[in-house]
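Working notes for the structure below.
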Amino acid sequence: MLDPWTPLDVREMRSSWEVAPQTAAKDMCTVKAFFEFCLANEWIPRNPARLVKNQRTRDSADRRNEQKLPFSDEELKRMYEACDTKYGKQEIKWSREIHHRRIEGHYARYNSKWTGQDLADFISVSLYTGLRISDVATFQVDRMKSSGEILLRTTKAGTHVFTCVPAWLQERIRARATEYGPYIFGEHTTKDTNVVTDVWRRKLIKLWSLCGPWKEKPTPHRFRHTFARILLQRPGVTVRDVAELLGNSEQMVRRHYAAWIPERQARLTKVLQEAFDDKPRPRIVAIDGGR
């Protein structure tokens, strides 16, 4: 029954789940939404799951503070080559209205077969904008101005970000809009962001299996890290510039991308050189042979 449920009961139910903390947090979203529905219908006086916070472990804290690993230029090249030569060579399109034959002017939806070129475009938009996979999968062509400038409100954080893409990518985005409609990567009937992003996660995982092996597990969010890495390696680009483009704080950029910040490396090198410059040194003796 619904009435006896308390926050303690919700916590005990969660503790019985034999899943990872991250999976438990996602499942708890479903539980909270269910009780919120019951509350809206006045079946219960309060939502017992609303007071239950997600579990935090040492591993999750380490993941939040760890250095983010971007893709290398060589890895990006391998992905683009796999899109051209391996992924989805047979293009199959169909609609629910007329099977195996595309309707004139009908937008491609989630049930369409995407090709390697589609996936290459998805990677390019992810890489050159630094947007999260949710914002790329639901990207609308009207978010891009004629000059190539892009201004949108991010799905996850709700922050406004500004970026700009090169001319060749502008042409690809407009060409996709002509082919598929305002949503350049397909229009979806569902509003669930997780469902929309999972479509492209599976395609990326398939692509990565075709162009492996990988030293570190590839994930869609690593395109965002690569965007930050490329910018930070450019002379004259500040941490503040990158933070504004990512929609993050300067502190977060410094914590996650410290290894790619040139001024930080130069400052630490200078500190070490000056600290040990006047310290005692051993007498250098030539090494004779040895084993």
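The values are calculated or read from the model by the stated rules, or taken from the named source; none is laboratory data. Computed from a predicted model, the values in this text were never measured in an experiment. Note that we place each Cβ from the backbone using ideal geometry, even for glycine, and neighbour counts take in every protein chain shown. These area figures cover heavy atoms from the full protein model, side chains too; ligands, DNA and RNA do not enter into them. Shrake-Rupley method; radii C 1.70, N 1.55, O 1.52, S 1.80 Å.
Things to note:
- Each label point was placed 7 Å from the Cα along the Cα-to-Cβ direction; for residue 25 and residue 13 their separation is 2.1 nm.
- Residue 128 sits with roughly 80 Å² accessible to a 1.4 Å probe, with DNA, RNA and ligands left out of the calculation.
- Accessible-area ranking of 144, 1, largest first, probe 1.4 Å: 1, 144
- Per residue, the chain exposes an accessible area of 65 Å² to a 1.4 Å probe, with every protein chain left in place.
- Computed with a 1.4 Å probe over protein heavy atoms only, the accessible area of residue 192 comes to about 70 Å².
- Expressed as a whole percent, the accessible area of segment 133-205 that falls on carbon and sulfur atoms is 51 (1.4 Å probe).
- Rounded to 0.05, the FRET efficiency of the residue 266 and residue 1 pair, given R0 = 51 Å and the Cβ-Cβ distance, is 0.20.
- Working from label points 7 Å from Cα in the Cα-to-Cβ sense, the residue 238 to residue 157 distance is 1.8 nm.
- Accessible area ranking (1.4 Å probe, heavy atoms, ligands and nucleic acids excluded), largest first, for 238, 163: 238, 163.
- Orientation-averaged projection of the chain equals 26.2 nm² [convex hull of Cα atoms, one quarter of hull surface area].
- Whole-Hz couplings from phi, Karplus 6.51/-1.76/1.60, listed for segment 147-158; x for Gly and Pro: 7, x, 6, 10, 10, 8, 9, 5, 6, 6, 8, x
- Approximate spin-label separation residue 81-residue 38, in nm, with each point projected 7 Å along Cα-to-Cβ: 5.6
- Across 32/145; 77/191; 145/191, pairs whose alpha-carbon gap is larger than 30 Å: 32/145; 77/191
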